[in-house]
Structure formats: structure tokens, C-alpha cells
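To start, the structure itself, in C-alpha cells.
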């Protein structure tokens, strides 16, 4: 068994320990799970990106993007009107 030493911000470590304890693990087990998944995925087991460059859509923008994608696909059957309303709004796609 190998030992890894890493420097971590005190607040982040405390928060990680609290969460780990809440789900019945110690921090060493959490790190082992992460490294195991990192090896299995051959990289990070989640998306890693710069949050400043990630584009977020509001519901209307997302509905417009989906509608455009559907229109551009010629092999997709017509979608009933009842499926084209954005939930929580009166906006049709």
C-alpha cells in the first residue's frame, strides 16, 4: 500500500471530511475511490472545464436550441404541440 501526501486548503479538507463522514467514509477512502475511478476512466471521472467559459442556457434559449436541432433533422417525426411547451412558462418551442 502506498502513501500519497497532498496539500489541500484547510476549509476544503474540513468540508470534505464532513461530507465523507456523513456518508460513512473517511477521507482516505474518498481519495481511493477518486483515484480508482480516475484510473478506470483514464482521466477525470467528471467534466473539467473553466467555469468562465461554460455557456449556460436559460430555459428559452435551451428550448430554441432543441427546436432548431429538431427542425434540422429530417428523419424526426413531427412533435405534438403539447410536447413543445417549456415547463413552467407559456413559451412554445
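Points worth noting:
- Fewest-first ranking of 33, 39, using other Cβ atoms within 10 Å as the exposure measure: 39, 33
- Rough spin-label spacing in nm, given labels placed 7 Å along Cα→Cβ, for residue 62 and residue 44: 2.1 nm
- Computed from label points 7 Å out along Cα-Cβ, the spacing between residue 18 and residue 34 is 1.7 nm.
Bear in mind that the values in this text are calculations on the coordinates, not laboratory data. Values in this document were obtained by computation on a predicted structure and should not be read as measured data. Note: ideal-geometry Cβ built from the backbone for every residue, glycine included; neighbour counts use all protein chains shown.
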